[in-house]
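One structure below.
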Amino acid sequence: MLILQQLVNGLMLGGVYVMVAVAFTLIIGMLNFLNFTIPALFMFSAVMMWATMTGHLPFGNDLILAIFGADHLWIAGVFVALIVTALISLVIERFTYRYMKAKYGDATEHALPLVSSLGFLIIFEHLVISSWGSDPLGITSPFGNATFEINTILFSVPQLISLGLSLVVVILLSVMLRATKLGRALRSIAERPDTATLMGVDVARIVPVVYVITGLLCAVSGVLFTINYTSIDAYVGDTVATVAIAGMVLGGLGNVWGAIIGGLFVGIIEVMSIHIVGADFAKVPIWGLLLVFLVFKPTGLFGHTMIGKGKF
């Protein structure tokens, strides 16, 4: 029963990793570079959730209190986190992709966007530290300790909701990529941007959509993490994103469903590792397995041989 409990806990944690892994997959699949602002977006959405719930917003909480009331600040936190993170994503797109592409053309692939995104990560982390400090920031979960048992297996209601919501969001995203006009445009850019342009796809308008979707995935994931684990800091995005990258690679680069399986898988591995070897060494099995995959199956479980071809 203990092993089953750890498996359940791992799936719950993996639900957080899933959306971050999918966010990485979208950027690397569409634009062929590893976007290091994803940890910053995750962290900033979590901080916005905390700041809204605890009254630490820079412009004050009077308007928020007037609209939502003191008992529903967590709902306000969700809206603030989603809106702010989406806007930040657009700013990041402007300076990590559009400006670099306009100024340097194909020379931007792939180093300049990667380095500029890393710069944004450092900037946002230090903005949070300078504004709210480097100590852990805690909230009281709006759901309390809501749990239930099935055959002595304990389930956390907030974590179960988080897992279900994560899977629903990613499934809807997958359907959108396959069955809508926007999805076809996104996939055409992922395959051949130049050909997509010749076929009438407005790349300059579609790429910001990729960034907004990425930001919203990170925002939802950051909000769910804050509600479930109630403690965050300026570097929480780094911690979550490194594991999510491992999940993305294990699942398969450029494959949304692979990112889902990989995210859940690394969640289980992390929880089982904490149970067996302790928290200090919990990341060793994850990255050890990742290195094995890179040697024997670098495309991951469901990936492709070429990052820029045949994705989604």
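Worth a mention:
- Residue count for the range 154-184, restricted to those that are surrounded by 14 or more Cβ atoms within 10 Å (Cβ to Cβ) and part of a strand (DSSP E or B): 2.
- Flag for M53 being touching a residue at least 24 places away in the same chain (Cβ under 8 Å), in a helix (DSSP H, G or I), farther than 24 Å from F95 by Cα and in contact with a helix residue (DSSP H, G or I) (Cβ under 6 Å, 6 or more places away or on another chain): yes
- Residues (closer than 22 Å to F79 by Cα and surrounded by 24 or more Cβ atoms within 10 Å (Cβ to Cβ)) located in the range 189-219: Y211, T214, G215, L217, C218, A219
- Subset of the range 228-238 [in a helix (DSSP H, G or I) and modelled with pLDDT under 90]: N228, Y229
- Members of the range 128-151 that are polar (S, T, N, Q), over 20 Å from D233 (Cβ atoms) and out of contact with any helix residue (DSSP H, G or I) (no Cβ under 8 Å at 6 or more places or on another chain): N145, N151
- No other residue among S162, S130, S141, S156 is modelled with pLDDT of 85 or more, over 25 Å from F33 (Cβ atoms) and out of contact with any His (no Cβ under 8 Å at 6 or more places or on another chain) apart from S130.
The values are calculated or read from the model by the stated rules, or taken from the named source; none is laboratory data. For clarity, every value in this text was computed on a predicted model and none was experimentally measured. Heads up, the Cβs are rebuilt from the backbone with ideal geometry, glycines too, and the neighbour counts pull from every protein chain shown.
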